[in-house]
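Participant: Please see the structure below; I have some questions.
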Amino acid sequence: MKDFNELLSRNGRKGHKWISYGTAGFRDKAIELQHIMFRMGILATIRARVVKATIGVMITASHNPEEDNGLKLIDPKGEMLDPTWESICTHLANISDEELLNAINSLIKEKGVDMKDEANVYVGRDTRSSSDRLCKAVIDGIVAGEGSAHDFGITTTPQIHYMVLCVNTNGEYGEPTENGYYRKLSEAFIKLNGQNGAQVVSNNYVPSVVVDGANGVGAPKAKQLKQFLGNSLNMEVINDGNGVLNENCGADFVKVQQRAPKDLHFEVGKRYLSFDGDADRIIYFYKNSDDGLFHMLDGDKIAVLIASHLKQLLTSAQIADIDLCIVQTAYANGSSTHYIENTLKLPVHCVPTGVKYLHHRAQQADIGVYFEANGHGTVTVSHTTIDRIKQVSNDVTLKLLTFIDLINQTVGDAISDMLVIETILRSRGQSIQEWDQLYTDLPNRNIKVCVKDRNVVTTGDAERKCLTPIGLQDRIDAIVNKFGVHSRAFVRPSGTEDAVRVYAESTTQEKADSLAKEVAEVVSELAESVPNK
Ligand code: G16
């Protein structure tokens, strides 16, 4: 360890709060995180040596409020950290400063790491006011671990995932720079949509979007992308940093509140979309010309659009025997699952919340389309599938390969997803309203319940059943039964916020709201009554 004591003294642990590696890494109030960042910097150098590749660290709290922050660790293929390392992270995060060096040395020994080996770590951060300070703490950790930090400054989360994969494939996946990322995506987009696509209306598709940047990193990055897209798409960016991050705007706000973000001149005939705070989620919405109301197209509708497009391309290319599937979570709207199984006739799998689970399941198929209802998702295509597509050389397969280039396969990416969706809508000549008509969502409601200790709620069956507190699931079942057919509810502890989440859907909005409320009341009653661990 280099200058360990000096670096530790700058990044010492201040309090005793216990923190665990959650759904997508550590997340808490930014003031609680300095020592975690330092420790994870050291851990990153050990992980890089174990996997003998560059790994990534992203400093962000994504959809959480500005005063929060967090850290996501990224493995060599650009995917989320190997889950078996999560408990190691949690252990290192929670021990005292005095125990730290011993714990690190034990880890080095246990993993058989030679600290003389090189250790490269890519680091990115979002626009939060605390991110710069926390990034310095990560870099202090990397220095202590005698590794090399490549600081990319302010980036979206998916950009760091992308660049990690690029560097580890020696550029085969793309150039490991931010400009390389824009170039790859924009070149594919222009090939598919035309250099002057912004001026070409295709039937009901109008080539203009309004992007809600959540006052986060997605806004400046969308503007940078615009330079590369040239005249192929009209893009107006709002909530571009003048307001508070994620406050009354962004994908999480739009999805959970089911309404348009603030400061929006909401008009019929326009296509709107929201990024979240680190631009790894996307939600589309519009004002319906028939009822004048807000309508939302979430991750489920995006998955259906992308999967049906891929199915069509594979069929036209006469390589339809490819195993194409969709992966969802319990949050997927019942209507979407029904549509996928009965109309699209594609296999659909349900896994627990967290991109790491969806990504892993998707990779088991030749082509896996995965999306969480909250708009977090992408498509994975296996190497053998790409080789198969390459073998059938015709116009359709060329188009398919370019379409695959448009996808950031490492993780959900709002920028890449937007380009994918725009490309599909143009190729179909469809308006957002037509896309929305694929199926009708069952009315639903997401709410948060604050309890003494969210960890008393545990779940099974891909989070569709509650295991503890004992008796909670029976009470939920009894409530759901009262609401009749097509009604459903489940609860789970959040892995990014200090709350238990309740999801309910039913045949009317009133019923979904009442169902969620009744379930939330039972959660407060039973979870409160269980003593803290
Ligand atoms: C993260 C994860 C997502 C997950 C979301 C909410 O997203 O990457 O997979 O759906 O948290 O998780 P939870 O319900 O456990 O709080 P993000 O965009 O916040 O990083």
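The values are calculated or read from the model by the stated rules, or taken from the named source; none is laboratory data. From a predicted model like this one, the values you see are computed outputs, not experimental measurements. Backbone-built Cβ (ideal geometry, glycine too); neighbour counts: all protein chains shown.
Participant: For the subset of region 183-225 comprising residues that are surrounded by fewer than 20 Cβ atoms within 10 Å (Cβ to Cβ), at pLDDT 95 or above and farther than 14 Å from residue 422 by Cα, which member is nearest to the chain's Cα centre (by Cα)?
Facilitator: Going through the qualifying residues, I end up with 220.
Yes/no matrix, rows are residues, columns are (1) within 23 Å of residue 12 (Cβ to Cβ); (2) under 27 Å from the mean Cα position of the chain (by Cα); (3) touching a residue at least 40 places away in the same chain (Cβ under 8 Å):
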{"position": "91", "(1), (2), (3)": "yes, yes, no"}
{"position": "94", "(1), (2), (3)": "yes, yes, yes"}
{"position": "121", "(1), (2), (3)": "yes, yes, yes"}
{"position": "147", "(1), (2), (3)": "yes, no, yes"}
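Participant: For region 341-379, what are the residues that are within 13 Å of the ligand (Cβ to nearest atom), in a loop (DSSP other than H, G, I, E, B) and of a type in the set (S, T, N, Q)?
Facilitator: 353, 374
Participant: Output the residues belonging to region 507-533 that are modelled with pLDDT under 95 and in a loop (DSSP other than H, G, I, E, B). Show your work before the answer.
Facilitator: First, the residues of region 507-533 that are modelled with pLDDT under 95: 524-533.
Of everything in region 507-533, those that are modelled with pLDDT under 95 and in a loop (DSSP other than H, G, I, E, B) turn out to be 530, 531, 532, 533.
Participant: Can you pull out the residues in region 426-435 that are buried (at least 20 other Cβ atoms within 10 Å of the Cβ) and out of contact with any Ser or Thr (no Cβ under 8 Å at 6 or more places or on another chain)? Lay out the reasoning, then the answer.
Facilitator: Going residue by residue through region 426-435, those that are buried (at least 20 other Cβ atoms within 10 Å of the Cβ) are 426, 432, 435.
Listed by number, the residues that qualify are 432, 435.
Participant: Which of the residues spanning region 29-53 are more than 20 Å from residue 355 (Cβ to Cβ) and not hydrophobic (A, V, I, L, M, F, W, C)?
Facilitator: Within region 29-53, 29, 32, 34, 35, 39, 41, 45, 49, 52 qualify.
Participant: Then there is this: Residue by residue through region 273-297, note down the ones that are under 17 Å from residue 253 (Cα atoms), touching a helix residue (DSSP H, G or I) at 6+ places or on another chain (Cβ under 7 Å) and either away from the ligand (no atom under 16 Å from the Cβ) or of a type in the set (Phe, Trp, Tyr) (or both).
Facilitator: Across region 273-297, the qualifying residues are 275, 284, 285, 286, 295, 296, 297.
Participant: Suppose we keep only residues that are without any contact (Cβ under 8 Å) to a residue 60 or more places away in the chain and either of a type in the set (Val, Ile, Thr) or in contact with a Cys (Cβ under 8 Å, 6 or more places away or on another chain) (or both) within region 507-533. Which one would you say is farthest from residue 463 (Cα to Cα)?
Facilitator: Among them, the one singled out is 522.
Participant: Let me ask you something else. Would you mind finding the one in 312, 328, 318, 257 that is at positive phi and not aromatic (Phe, Trp, Tyr)? Break it down into steps so the answer makes sense when it comes.
Facilitator: Values: 312 fails: at positive phi; 328 fails: at positive phi; 257 fails: at positive phi.
Every option except 318 fails the conditions.
Participant: Which of the following residues is of a type in the set (A, V, I, L, M), crowded, with 20+ Cβ neighbours inside 10 Å, away from the ligand (no atom under 15 Å from the Cβ) and not assigned by TED's automatic domain parsing to the domain that holds residue 86: 467, 406? Steps first, answer last, please.
Facilitator: Details: 467 fails: crowded, with 20+ Cβ neighbours inside 10 Å.
Every option except 406 fails the conditions.
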